[in-house]
Amino acid sequence: MNSSIQDGGLLLLRVVPSGIMMTHGWPKFQRLLDQWGSEEGVKFFDFMGLGPEISLILTVLAELVAPALLIVGLQTRLAAIPAAFTMGVAAFVVHGSDPLGDKELALLYMVCFAAVAALGGGRWSVDRLLEKA
């Protein structure tokens, strides 16, 4: 396969799901800012007893910060891991008993981010630029 086509595919696999994922992460970031220190406290899924605050912080990192790194291709493989893991938690824990239609988006994100973790950022990434420097 032509390497430019392959690198273009990796770019699409990094940028499109990450950009869309950030539309989920941004409202969670705003929720964190609004609820942090409020009288009611942070309302969010409590993953493994970490508490809603820590769970929401980790989710914001996975849905906002990690995708931003993926878009530019910086620390690509490492950044894809929390994004994939968080989508696995969403699909199998938060929506575990829900029908497939309610968790299919999380599964799709999980697979995309897992593929990026396995494949890396490709030629059109900051990672590649740093390799050459």
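In the chain, what percent of the accessible surface is made up of carbon and sulfur (1.4 Å probe, ligands and nucleic acids excluded)? Kindly include the intermediate steps, with their values, before the conclusion.
Working: 5200 of 7690 Å².
Accessible surface attributable to carbon and sulfur in the chain totals 68 percent.
In straight-distance terms, cross-link reach from K43 covers every one of the lysines whose alpha-carbon lies under 16 Å from its own, apart from those fewer than eight places away in the same chain; here that gives K28. Panel note: the C-alpha atoms of the range 1-73, placed on their principal axes, show extents of 57, 23, 13 Å (largest first).
Taken over the C-alpha atoms, the chain has Rg and Dmax values of 16.1, 58 angstrom. Solvent-accessible area per residue in the range 19-133 equals 58 Å², computed with a 1.4 angstrom probe and all protein chains kept. For the chain, a crude dipole built from +1 on the beta carbon of Lys and Arg and -1 on the beta carbon of Asp and Glu, taken about the Cα centre, is about 560 debye to the nearest 20. Taking 18 Å as the straight-line reach from the Cα of K103, none of the lysines fall in range once those fewer than 8 positions away in the same chain are excluded.
Compute the helix-to-body angle for 76-89: its Cα long axis versus the longest principal axis of the chain, expressed 0 to 90° and rounded to tens. Helix 76-89 sits at roughly 40 degrees to that axis.
For the range 60-127, the Kirkwood hydrodynamic radius from C-alpha pairs, put into Stokes-Einstein at 37 °C and a viscosity of 0.692 mPa s, yields a diffusion coefficient of 274 µm² per second.
For W36, what charge total do you get from the other residues with a beta carbon under 14 Å from its beta carbon, if Lys and Arg give +1 and Asp and Glu give -1? Walk me through the intermediate numbers first.
Values: positive: K28, R31, K43; negative: D34, E39, E40, E53.
Counting the neighbours of W36, the net charge comes to -1.
Taking the longest Cα principal axis of the chain as reference, the axis of helix 100-119 is set at about 40 degrees. Springs between alpha-carbon atoms under 10 Å, Gaussian network over the chain: tell me which of L69, L105, L50 tops the mean-square fluctuations. Its mean-square fluctuation being the largest, the pick is L50. Taking the longest Cα principal axis of the chain as reference, the axis of helix 3-35 is set at about 20 degrees. A Gaussian network model of the chain, with springs between Cα atoms under 10 Å, assigns the largest mean-square fluctuation among T76, T86, T23 to T23. Over the chain, dividing the summed -39,500 (n - 2.57) contributions of all DSSP H runs of at least 4 residues by the number of residues returns a 222 nm mean residue ellipticity of -22000 deg cm²/dmol.
The values are calculated or read from the model by the stated rules, or taken from the named source; none is laboratory data. Computed from a prediction, not measured in an experiment: that's the story for all the values here. Positions of Cβ are backbone-derived with ideal geometry, glycine not excepted, and every protein chain shown enters the neighbour counts. Please note that ligands, DNA and RNA were not included when accessible areas were found on the heavy atoms of the full protein model with its side chains. Shrake-Rupley method; radii C 1.70, N 1.55, O 1.52, S 1.80 Å.
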